[in-house]
Structure formats: C-alpha cells, structure tokens
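The values are calculated or read from the model by the stated rules, or taken from the named source; none is laboratory data. These figures come from a predicted structure and were not determined experimentally. Positions of Cβ are backbone-derived with ideal geometry, glycine not excepted, and every protein chain shown enters the neighbour counts. Note: accessible area is taken over every heavy atom of the protein model, side chains too, but ligands, DNA and RNA are not part of it. Shrake-Rupley method; radii C 1.70, N 1.55, O 1.52, S 1.80 Å.
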Amino acid sequence: MRILVSNDDGVYAPGIKSLASHLKEVAPVVVVAPDRDKSAVSHSLTIDMPVRVVPLEDGRYSVHGTPTDSVHLALTGVLDELPTMVVSGINAGANMGDDTLYSGTVAAAMEGCLLGLPAIAISLVGQKEADLIHYDTAARVAVTLVKKLMKNPLPKGLLLNVNVPDIPYEQLQGMKMTRLGQRHAAERPLVIIDPRGKPVYWMGPAGDEKDAGEGTDFFAVRNNCVSITPLQFDLTDHKALKDMASWI
Ligand code: MN
C-alpha cells in the first residue's frame, strides 16, 4: 500500500498539505502535484512541450504542468516505487454537479483510475474559498475512506468524488451516497477594459444550485453530511444508445 497524493490547487496549497500529513498515518505517501494553482483545467494533458518535474524536500514533486500531467507522469515515469491508490485534494471549494466536468481535482483522480488504480477526489465546501477552515475534517474523512477501500476495494474504472462541508469533524451528520446535482448556467464574466482600450473577460463564478434535491451531492452537503458520488469515465449515455437505434 502506497498512496499518491495530487491536486489542482498546487503543491503548496493548504489542502494537499493537510491531506498528505493525515494519510501518512495509514500508508506511505508520495506527493506529486502542479507547481501552481491549476484549478478548472479539467483533464488536460500537456503534449506540446516537455514537462519539468522538480523534486522538493520530503520527497514531494512539483510539476510544471496540469493535475493530469502530475498523476500521469508519477505513474508512468517519475516514481521508482509505484503507488497503489490515488487521492486528489483537498480542493478549496466544491466539486459538485457540473463542477466535476471542469475540475482538475476530479481529473487527477480520474487519471489514476484510468491507469488502473483506486482513486478518491476530495473537496472542502464552504461559502467562500478564502474563508475555508476545516481542512482537517476532510483529511479525516479521507483517512476513513482509504481504510474502507483497503478492506473493500472498488471495481475497476470507478472513482469516489467526495465533498465535505467546512465544519468541525464532530458536527458531521454522517456520510451519504449521492448522485451529481446540477447548477444553473455560470454567472456572466467580468468585463475589464485593458490599458490599450480593448475588453478582456474574467470568467464568472459557477452558477447556483438548480437540481439540488434529496439524493444529490448538494443536498447532502447542505445537511452537513459528507457526499460520496461514484463516478465513471465512460461518458456513453447507455439509455440513449438504445433509444437512438430507432432514430438512426
Ligand atoms: Mn482547485
């Protein structure tokens, strides 16, 4: 048992530090993560230039690339001793509903999953990213889930997307298996006029909750529960596949 820890907030983010230090209680940990915040890069892989990987103190690695680059290179070339599980996070902010499509945190876990390892993506959910406090709550949840996975491994091709409310561990109201909810369309971008008079656009924040009823990730977290959504990388709409036979 050996755990690869990665993220999309960067190797110096508070979430990954908390996650790595807690997971060390369970198994040896190796950290390979982007050298800066690469949030919302989804599953991008750098193929138009070489990717530099810089060893830091304590055996951590800083990658001049994306979360997917980090996990991919860790598992295919950088590490001598291969990990047996990937845990990505703790992301500063929710990865619920449509967030999962943009998320580098989920992508890092997904890459582990694609390369055949059990994987968990874990995020801390509060009102504002800058005000998040309880990373240790999410880290303790990660420890619990990793221990469970050691006893009861997941089927291949499945990853757990975990969202934890930003509250003290003792105040958690349990764990819920959930489906992804859905958000309204993202808010409009901020338009700024550059020094030469041309407009530039700064992406607006994610939309508010739309499909957030009972059974969704949004609902669980709003009720102070840990939300666990099993995700797969097969995007095929299996129901439509049958229906489309007559359409074609
Ligand atoms: Mn992030």
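List of remarks:
- Residues of segment 110-154 that are part of a helix (DSSP H, G or I), aliphatic (A, V, I, L, M), open to solvent by less than 20 Å² (accessible area, probe 1.4 Å) and over 21 Å from Glu209 (Cβ atoms): Ala139, Val141, Ala142, Val143, Leu145, Val146, Leu149.
- Count of segment 26-58 residues, restricted to those that are in contact (Cβ under 8 Å) with a residue 40 or more places away in the chain, more than 18 Å from Ala119 (Cα to Cα) and more than 16 Å from the ligand (Cβ to nearest atom), is 1.
- Being open to solvent by 80 Å² or more (accessible area, probe 1.4 Å) and over 19 Å from the mean Cα position of the chain (by Cα) is a condition met by at least one residue of segment 159-172.
- Of all residues making up segment 83-109, the number that are open to solvent by 10 Å² or more (accessible area, probe 1.4 Å), in a helix (DSSP H, G or I) and of a type outside the set (A, V, I, L, M): 3
- When segment 190-212 is limited to residues that are assigned to a loop (DSSP other than H, G, I, E, B) and open to solvent by 60 Å² or more (accessible area, probe 1.4 Å), the one that is farthest from Ala94 (Cα to Cα) turns out to be Arg196.
- In the set Asp9, Asp48, Asp69, only one residue is surrounded by fewer than 20 Cβ atoms within 10 Å (Cβ to Cβ) and not aliphatic (A, V, I, L, M); that residue is Asp48.
- Single unsatisfied condition, Leu235 versus (1) at negative phi; (2) assigned to a loop (DSSP other than H, G, I, E, B); (3) surrounded by 10 or more Cβ atoms within 10 Å (Cβ to Cβ): (3)
- Test: Val125 is closer than 15 Å to Ala33 by Cβ and within 16 Å of the ligand (Cβ to nearest atom): no
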